[in-house]
Amino acid sequence: MAIQKVGVVGCGLMGSGIAQVCAAAGFPTVVREVSGELVDKGLKGIEKNLSRLVEKGTITEVTKGEIRGRLKGTTSIEDLMNFDLIIEAIVEQLPAKRELFAALDKICPPSTIFASNTSSLTITEIATATKRPQRFVGLHFFNPVPVMKLVEVVRTIATDDAVYEEVAAFGAKLGKTAVRAKDSTGFIVNRLLVTYLLDAIRALEEGVGSIEDIDNSMKLGCGHPMGPLTLLDFVGLDTTYYISQIMFDEFKEKRFAAPPLLKRMVLAGWNGRKSGRGFYDYADPQKPKAMKC
Ligand code: CAA
Ligand code: NAD
């Protein structure tokens, strides 16, 4: 396989998970963040995950050391100069992603494949910030990346067949089931999931049920691992807000519009679990308490 070394951009919720699974699958991996503190925070999260796997006996201390040895953090974009595949997992905003890829396009060799983990942006629109749209794909992972078995591999009308197959094979090498999707906003999963999550917020706004009762209904009534409001906190309310705006802009359908409550929570900095507060307060992460909202 031509993909031997992987660069990841962004070491937040998704980038840290992506970097972890790449290194665990044997790929030397460098992950870039915007500050040293954020690099440290991301790598600490990975360290914690790996230690948990050692405690459970899933991997040995030696394997953990090998995975850590394959993983490096950086704040310098120049350190991403020499990779076969770059996976971007930064904030869900088009200008930021286009700016990043335009810069990467200048420093990476023409052979490097670019992939975006975007949830909802059009891959074609990100790819046209570069001179290599034929070597550009969507590689959409799911949160938490080390646990969720799926990756959506997204092709645009410009993606080269061989590049697409190479990236699909790479997804399988990470231990994921790679499903193939067209470059249609939200791909497969978010096309279906986002309206469900937004409807849960609308149900709360309309007083159909309390936060706990809405969550318990879908957990206990439908066998979902998490209720929708817990899942929203888990995904990130800021990220969900950006996704809903992008999907509404694309489809012009009310079902994709951000509910006013979501907008207000994001304005207040309640971004979900990662900020300590969303539909629940995570002061004690083991016992989240429903907020009044
Ligand atoms: N990182 C790594 N591993 C984690 C983890 C994390 N953040 N959180 C949990 N795990 C592991 C645990 O160590 C545990 O492993 P073992 O089974 O080997 O012991 C396993 O996952 C189960 O964890 P828990 O027992 O602590 O808790 P749980 O049974 O409630 O499972 C969960 C946690 C896997 C997150 C489960 O609640 C779940 O599947 N939730 C739904 C997640 C989901 O829908 N994700 C998709 C979001 S949408 C998206 O990602 C796309 C987008 O563009 C927005
Ligand atoms: P996050 O806010 O947890 O992390 C984003 C990170 O990117 C931040 O730490 C930020 O400092 C960093 N960043 C921003 N600009 C950067 C740059 N130029 N270079 C390096 N780092 C930079 O967000 P997230 O939840 O990890 O989402 C990242 C991407 O993954 C988004 O496109 C999102 O839509 C997508 N996604 C999110 C989920 C989810 O459940 N949260 C699931 C699948 C896909």
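The values are calculated or read from the model by the stated rules, or taken from the named source; none is laboratory data. This one's a predicted model, so the numbers in the text were calculated from it and none came from an experiment. Backbone-built Cβ (ideal geometry, glycine too); neighbour counts: all protein chains shown.
Brief remarks on what is shown
- Some residue of segment 250-260 being over 18 Å from Val189 (Cα atoms), among the acidic types (Asp, Glu) and either assigned to a loop (DSSP other than H, G, I, E, B) or at pLDDT below 95 (or both): no
- Here Ile77 clears all of (1) more than 14 Å from ligand 2 (Cβ to nearest atom); (2) touching a residue at least 24 places away in the same chain (Cβ under 8 Å) except the condition numbered (1).
- Residue in segment 218-233 that is more than 10 Å from ligand 1 (Cβ to nearest atom), under 19 Å from Phe142 (Cα atoms) and not in a loop (DSSP other than H, G, I, E, B) present: yes
- Qualifying positions in segment 264-274 - buried (at least 16 other Cβ atoms within 10 Å of the Cβ) and either under 19 Å from Tyr196 (Cα atoms) or not aromatic (Phe, Trp, Tyr) (or both): Met265, Val266, Asn271, Gly272, Arg273, Lys274
- Residues in segment 128-144 that are surrounded by 23 or more Cβ atoms within 10 Å (Cβ to Cβ) and either farther than 19 Å from Tyr242 by Cβ or among the charged types (D, E, K, R) (or both): 3 in all.
- Total residues in segment 61-90 satisfying the condition of being closer than 20 Å to Leu139 by Cβ, assigned to a loop (DSSP other than H, G, I, E, B) and either among the β-branched types (Val, Ile, Thr) or within 16 Å of ligand 1 (Cβ to nearest atom) (or both): the figure is 2.
- Set side by side, the residues Gly12, Gly45, Gly57 differ, and just one is over 17 Å from the mean Cα position of the chain (by Cα) and surrounded by fewer than 19 Cβ atoms within 10 Å (Cβ to Cβ), which is Gly57.
- Verdict on Val194 being within 15 Å of ligand 1 (Cβ to nearest atom), β-branched (Val, Ile, Thr), within 30 Å of Phe114 (Cα to Cα) and surrounded by fewer than 17 Cβ atoms within 10 Å (Cβ to Cβ): no
- Test for Arg52: is it over 15 Å from the mean Cα position of the chain (by Cα) and more than 22 Å from Arg155 (Cα to Cα): yes
- Among the residues of segment 195-217, those identified as outside any helix (DSSP H, G or I) and not charged (D, E, K, R) are Gly207, Val208, Gly209, Ser210.
- Against the numbered list (1) surrounded by 21 or more Cβ atoms within 10 Å (Cβ to Cβ); (2) over 20 Å from the mean Cα position of the chain (by Cα), Ala24 comes up short only at (2).
- Residue count for segment 159-175, restricted to those that are free of Cβ contacts under 8 Å to residues at least 40 places away in the same chain and out of contact with any Phe, Trp or Tyr (no Cβ under 7 Å at 6 or more places or on another chain): 8
- The sole residue among Glu92, Glu88 that is within 23 Å of Lys106 (Cβ to Cβ), in contact with a Leu (Cβ under 8 Å, 6 or more places away or on another chain) and not aromatic (Phe, Trp, Tyr) is Glu88.
- Flag for Ser210 being among the polar types (S, T, N, Q), exposed (fewer than 15 other Cβ atoms within 10 Å of the Cβ) and more than 16 Å from ligand 2 (Cβ to nearest atom): yes
- Within segment 189-203, considering residues that are in contact (Cβ under 8 Å) with a residue 60 or more places away in the chain and not polar (S, T, N, Q), the one nearest to Thr177 (Cα to Cα): Val194
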